[in-house]
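Visitor: Sharing a structure with you now.
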Amino acid sequence: MDNGRGSSDLLHDAARRAARYLESLEKRPVAPSRGAVARLAALDVPLPDAGAAPDAVLAELDALVSPATMAMAGPRFFGFVIGGSLPAPLAASVLATAWDQNAAKFDVTPGVAALEKVALRWIVEALGLPAGTGGGFVTGATVANFAALAAALRAVLARVGWDVEAHGLFGAPPITVVVGDEVHVSVLKALAMLGLGRDRVFRVPVDAHGRMRADAVPRLDAPAVVCLQAGNVNTGAFDPATAIVPRAREAGAWVHVDGAFGLWAAAAPARAALMAGFEAADSWATDAHKWLNVPYDSGLVLVRDPEALRGAMTVSAAYLPEGGLRDPADFTPELSRRARGVELWAALRALGRSGLADLVERCCRHALRFADGLAAAGHRILNEVVLNQVLVSFGDADRTRRVIAAIQEEGTCWCGGTVWQGHAAMRVSVSSWATTEHDVERSLACMLAVADRVR
Ligand SMILES: *Cc1c(COP(=O)(O)O)cnc(C)c1O
């Protein structure tokens, strides 16, 4: 295969098509048209016997799939809590893909290993976590929760003399696992994968915002793991860490924090109070593909005691690093993987501390504007808008669902539906760097007009 000129033309073609795609997002509806989705049927052919030229492959992809994408990279997608991708990490991702580094070992791929080490330290600083906190670059918060809870399992059982990596859970002392009743499903999935069980957890009742009630946390006896949430996926609310964490740690429990997007509040001075007390936990899971706005496949597991994570994740229990070189694979479930830290580094390098603070704060301000605008028109806001999440009801469940469907169909913006403590609601999540005040006003006008029309 020609790695010279042919490949260069192809990459320029890919870059041109990518740029054209991003420019198209300003004008096209956020959701793909029914026609574009129907045309995907053309992909469904038997594996061709003969190959195709790379430029033809790219052209086919662009023609068929680009129009069938949801404009998540655009400024008016408010479904789920996902950001877009900042220009610097997007471009860095293209370069890093060309590097094609297998990021498992330091001595084989020193460039990306060094980059990840620095990015990790920057993240720990930006999020106000204890100096020396270790971590790994994983696919998302689900796997970050998994890896952190594996470290927790190792640590709490080691304290009672049980080596869980060697002997598994058979015959091990039982572990008490405490979660809030509003726990994210990914934490339960992680517990299930670890053999701790989805259903044997103690679920602490929550208040009207979805926050764990500190007075309802049971008395803890080690070994125990307490899972807190920083940023409820519906309301944006934070569990009361200052009331729970010191008590739990005193009792010998490991405290884990699912902060998939909420952890980033710590980077914005005006929101940092929400994160008070969470820095005293033992581990944290977050997504960089949410609020840091890097491309997908970018979660972070962070653990106060890096040795607990290494012990749980390393392929060989006997292995110890030489000369202080940090082998990335010792801190993640994966062995081979792409160098995810590249995009993270690029985003932080491009934003700086102040840019990151501004990104988080701007999204929160936009969310507040949505809430004010919707409330002023007489619609009921179901949550206290402390962060970037807004829950709005347009009346009964049926009408709310019809308004959501009509907003999605209209195409100016896209929001999803949810059920909050028994009430159907539309959820507006603002987490993209690309969203401007103009986008917010345009989207708000569309929401109000559509809600007026739907009876
Ligand atoms: C998004 C989210 C997750 C899961 O993150 P993935 O990256 O999708 O695996 C976990 N917890 C919370 C609170 C979330 O918002």
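The values are calculated or read from the model by the stated rules, or taken from the named source; none is laboratory data. All of these numbers come straight from a predicted model, not from anything done at the bench. Neighbour counts run over all protein chains shown; Cβ positions are idealised from the backbone, glycine included. Side chains included, ligands, DNA and RNA excluded: accessible areas come from the protein's heavy atoms. Shrake-Rupley method; radii C 1.70, N 1.55, O 1.52, S 1.80 Å.
Visitor: With contacts defined as alpha carbon pairs under 8 Å and 6 or more residues apart, what's the relative contact order of segment 274-418 in percent?
Guide: Details: 116 pairs, mean separation 18.6, N = 145.
For segment 274-418, the relative contact order is 13 percent.
Visitor: Using mean Cβ contacts within 10 Å as the protection proxy, how do 400-410, 292-302, 196-206 order, highest first? Mind dumping the intermediate values first?
Guide: Details: 400-410: 19.2, 292-302: 26.1, 196-206: 15.7.
Descending mean neighbour count gives 292-302, 400-410, 196-206.
Visitor: Now, a different point. At 1.4 Å probe size, with the rest of the protein present, what percent of the exposed accessible area of the chain is carbon and sulfur atoms? The partial results should precede the final answer.
Guide: Numbers: 11670 of 20000 Å².
Of all accessible area on the chain, carbon and sulfur atoms account for 58 percent.
Visitor: Ok, one more. Using a basic spin-label model with each label point 7 Å from the Cα along Cα→Cβ, how many nm lie between SER316 and ALA14?
Guide: A separation of 3.5 nm, rounded to one decimal place.
Visitor: Right, here's the next one. Let me have the relative contact order for segment 38-162, percent, based on Cα pairs under 8 Å that are six or more residues apart.
Guide: It rounds to 10 percent for segment 38-162.
Visitor: Please compute the alpha carbon radius of gyration of segment 223-296, then divide it by the globular-protein estimate 2.2 N^0.38 Å. Two decimals is fine. Write down the numbers at each step before the final one.
Guide: On the way: Rg = 12.4 Å, N = 74, 2.2 N^0.38 = 11.3 Å.
Relative to the rule-of-thumb radius for its length, segment 223-296 sits at 1.10.
Visitor: Can you find, among VAL303, PRO67, GLY422, the residue sitting farthest towards the positive end of the charge dipole of the chain, where Lys and Arg contribute +1 and Asp and Glu -1 at Cβ?
Guide: Positive-end residue among those listed: GLY422.
Visitor: Also: Full-extension gain between MET193 and ARG353, please, as 0.36 nm times their residue separation minus the C-alpha to C-alpha distance.
Guide: Values: separation 160, 0.36 × 160 = 57.60 nm, distance 3.61 nm.
Working it through step by step, the gained length comes to 54.0 nm.
Visitor: How large is ³J(HN,Hα), in whole Hz, for each residue of segment 94-101 in order, when computed from phi with the Karplus curve 6.51 cos²θ - 1.76 cosθ + 1.60 and θ = phi - 60°, using x for Gly and Pro?
Guide: Running phi through 6.51 cos²θ - 1.76 cosθ + 1.60 with θ = phi - 60° gives 5, 4, 5, 5, 5, 4, 6, 8 Hz.
Visitor: At 222 nm, what value in deg cm²/dmol follows for the chain if DSSP H runs of at least 4 each add -39500 (n - 2.57) and the sum is divided by all its residues, to the nearest 500?
Guide: Values: 13 runs with 182 residues, N = 455.
Mean residue ellipticity, 222 nm, calculated: -13000 deg cm²/dmol.
Visitor: Of the listed peptides 97-104, 369-376, what is their order by residue-averaged count of other C-beta atoms within 10 Å, with the highest listed first? Present the calculation step by step, with values, prior to reporting the outcome.
Guide: Working: 97-104: 15.8, 369-376: 17.5.
By packing density, highest mean first, the sequence is 369-376, 97-104.
Visitor: Using all Cα-Cα distances in segment 189-314, what percent lands in each 10 angstrom bin from 0 up to the longest?
Guide: Cα pair-distance distribution for segment 189-314, in percent: 12, 42, 38, 8, 0.
Visitor: From the phi of every residue in segment 401-413, what ³J(HN,Hα) in whole Hz does the Karplus formula 6.51 cos²θ - 1.76 cosθ + 1.60 yield, where θ is phi - 60° and glycine or proline is x?
Guide: Result, ordered by residue: 5, 5, 5, 4, 4, 5, 5, 4, 5, 5, x, 4, 9 Hz.
Visitor: What does the highest-first list of 16-28, 110-122 look like by mean Cβ count within 10 Å? Mind dumping the intermediate values first?
Guide: Details: 16-28: 13.3, 110-122: 18.7.
Taking the mean over residues of other Cβ atoms within 10 Å, the ranking is 110-122, 16-28.
Visitor: Could you compute Rg(Cα) / (2.2 N^0.38 Å) for the chain, with N its residue count?
Guide: Working: Rg = 23.2 Å, N = 455, 2.2 N^0.38 = 22.5 Å.
Compared with the compact-globule rule of thumb, the chain sits at 1.03.
Visitor: Still on this structure, I have one more. Taking 7 Å along the Cα-to-C-beta vector as the label spot, tell me the THR97-VAL160 distance in nanometres, rounded to one decimal.
Guide: Simple spin-label model gives 4.8 nm for this pair.
Visitor: Quick one: grab the alpha carbon gyration tensor of segment 1-153, order the square roots of its eigenvalues as a ≥ b ≥ c, and give me rounded if a/c is under 1.5, else prolate or oblate depending on whether a/b is larger than b/c. Show your work: numbers first, answer last.
Guide: On the way: a/c = 2.04, a/b = 1.48, b/c = 1.38.
Prolate, because a/c is 1.5 or more and a/b exceeds b/c.
Visitor: Can I ask one more? Rounded to whole Å, give me the distance from the Cα center of segment 271-298 to that of segment 233-259.
Guide: That distance is 14 Å.
Visitor: Let me ask something additional. May I ask for the equivalent-ellipsoid semi-axes of segment 79-129, computed as the square root of five times each C-alpha gyration tensor eigenvalue and listed largest first in whole Å?
Guide: Details: eigenvalues 100, 67, 17 Å².
So the three semi-axes of segment 79-129 are 22, 18, 9 Å.
Visitor: Please give me, ordered by residue number, the GluC sites (Glu not before Pro) of segment 322-355 that lie in loop per DSSP and have at most 14 other Cβ atoms within 10 Å. Walk me through the intermediate numbers first.
Guide: On the way: sites: GLU322, GLU334, GLU343; in loops: GLU322, GLU334.
Qualifying residues, ordered by number: GLU322.
Visitor: Which value results when the Cα radius of gyration for segment 374-455 is divided by 2.2 N^0.38 Å?
Guide: Values: Rg = 11.9 Å, N = 82, 2.2 N^0.38 = 11.7 Å.
Relative to the rule-of-thumb radius for its length, segment 374-455 sits at 1.02.
Visitor: Whole number in Å², please: accessible area per residue of the chain, 1.4 Å probe, ligands, DNA and RNA not counted. All intermediate terms of the calculation are to be shown ahead of the outcome.
Guide: Numbers: 20000 Å² over 455 residues.
Here the residues of the chain average 44 Å² of exposed surface.
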